[in-house]
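Each value in this text was obtained by applying a stated rule to the coordinates, not by laboratory testing. Computed from a prediction, not measured in an experiment: that's the story for all the values here.
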Amino acid sequence: MLRKALSLTGVLCFSMFIQSCSLFEKDVYVIADVPDIDNQFDINVVWDTSVGSGVGKFFSSLAPAVSDEKVFVASRGGKVAALDRKDGSKIWTADLSDEEENDDRRSPRISGGVALGFDKVFVGSENGYLYALDRSEGNVVWKYNAGEEIMSSPVPLADRVIVYTTSGRLIAINDETGEEIWKTSSEFNDLSLRGTSDLTSVDGGKILMYGTSQGKLNMIDSSNGTLINTIIVSLPKGRNSIDKIGSVSAQPLFLDGELVAVGYHGSLMHFAGGGTNVWKKNLSSYRNMSYDYSDLFVTDEKGHVHSISRTTGEERWVNKDLSYRDVTAPVQYDSYVLVGDMDGYLYWLDSATGKIASMERIDSDGLYIPPVIYDGVAYLQTRSGDIYAITRESGSDSSSSSSSEDDDD
C-alpha cells in the first residue's frame, strides 16, 4: 500500500513538473548566435583610452558628454576625466572616491551623467550625491546630497540643474551654490525597472517631461516643480507582478512639436500638441529611442530593432538577428543605426533596410550604451571602462592611431 502511494505521488509530481514546464514554456527564450556577415566597410578606431575600471555588471547609464574640444567621461568608481577630442589624451582627472562622504563606501557608485552646463560637469551617484565639477580643471565646485539614488543624467536648465531620483522625485538645485530650490514628492512603485527615465525639456526649458515607474509620462513646470499634465503610456496588466511592471524608462522625445513615448509592457505612442493621440503601436521597450527625419528607431525588450514611420506608426522594418543579446538603445549615424550587445559587438544597421552592414567586436566585457555621435565621430564607453572614438573607414588605409592609459578604479 505504501509502495503504491509512493508510486502515485511520483506520478503526480512528474505530472505537475510537466504542467509547470508547459506553463513556463512561453517564457523560454534563446539567445541568438553572433551573426556571420561580410562587412561592407571597416571600422576605424581614431583613438582609445580608459577611465577607471568600468561599470562591471552593474546597471549604469554613464555615457560620454562631448563638447567642441573635449570629451568628458566618468567611471562607477569615481574617476571623472576630460579628454582631448582629437586624440583622447587626458586634460585632467578627478577622483571622487577622495570625497569624505565616500570614505566608508566601497565606491562613489557614479551612475547618472555625464552632463554639461554652466561651465561645469555634473555627475550623480547611487550614494545619492550630485557633484558639480569645474569644466576647465576638474575641481569639485559643490555637491548636493539628495539622499536617494540618482540614476539618470542631470539636466542643466536656466539657473539650475534638475535631477530625477529612483524614488520618482525631481529636485532642482541652484547651479552656482548647490542649494535646493524645490523638490517634488516621491512617485514610486514597489516593483519597477532599475533606473529612471532621462528628462526631456521643451518650450525653451519651461516644461520638463519624464517617464515614471507607474507607466505615466509627467509634464512639470520647471520653475517650481508643479505638475502640469499626465499621460498614461503603460497600464499594469498580466497575472503576476513581473508581467504588471509598466515603467516608462525610455526618454520621451519631443519632435517638431509632437511627443513620442514608449513603455515597458506598454505601447509606442505618438501625441500631437495638447496630448491628442495620433497613433499607437503595440511595442514594449525600456531603452531610449533614436530618430532621423522620417523614422523612429526602437530596440524592444527582445533585442529586436525596429524602424517606425514617425507620421503613421507603420513599421518599415524589424531586425531580429540579435534576439536576447542585451541589445543597447539605437543611435542614428548618417545612413546607419548603431547598436551594441552583451559580447561587445558594435553593429551598423542600414537605416533603409535594417540589415547589418558591418560589425566589429569592440570590448569582450560588453557594451551597455550606444555611442554618442558628435561631428561625424561615434564616442563609445564600454563596460570595462574603455573609451573609443570611432568612424567608418575611409579609403584603403586601415591604420589607426591609439593612446591607451590604464587607471585604477
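Points worth noting:
- Two-decimal ratio, segment 275-377, of alpha-carbon radius of gyration to 2.2 N^0.38 Å: 1.04
- The phi-based Karplus calculation (6.51 cos²θ - 1.76 cosθ + 1.60; θ = phi - 60°) puts the 3J(HN,Hα) values of segment 72-79 at 9, 9, 8, 10, 4, x, x, 6 Hz, whole numbers, x for Gly and Pro.
- Amide H contacts of W142 (H built 1.01 Å from N, in plane; Pro and chain starts excluded): A132 sit under 5 Å, all sequence-distant by 5 or more or on other chains.
- Checked against a 22 Å cut-off, the cross-linked pairs K70/K120; K143/K183; K79/K183; K281/K302; K183/K216 give Cα-Cα distances beyond that limit for K79/K183.
- Computed from the Cα positions only, the extents of segment 126-168 along the three principal axes stand at 33, 23, 13 Å, in decreasing order.
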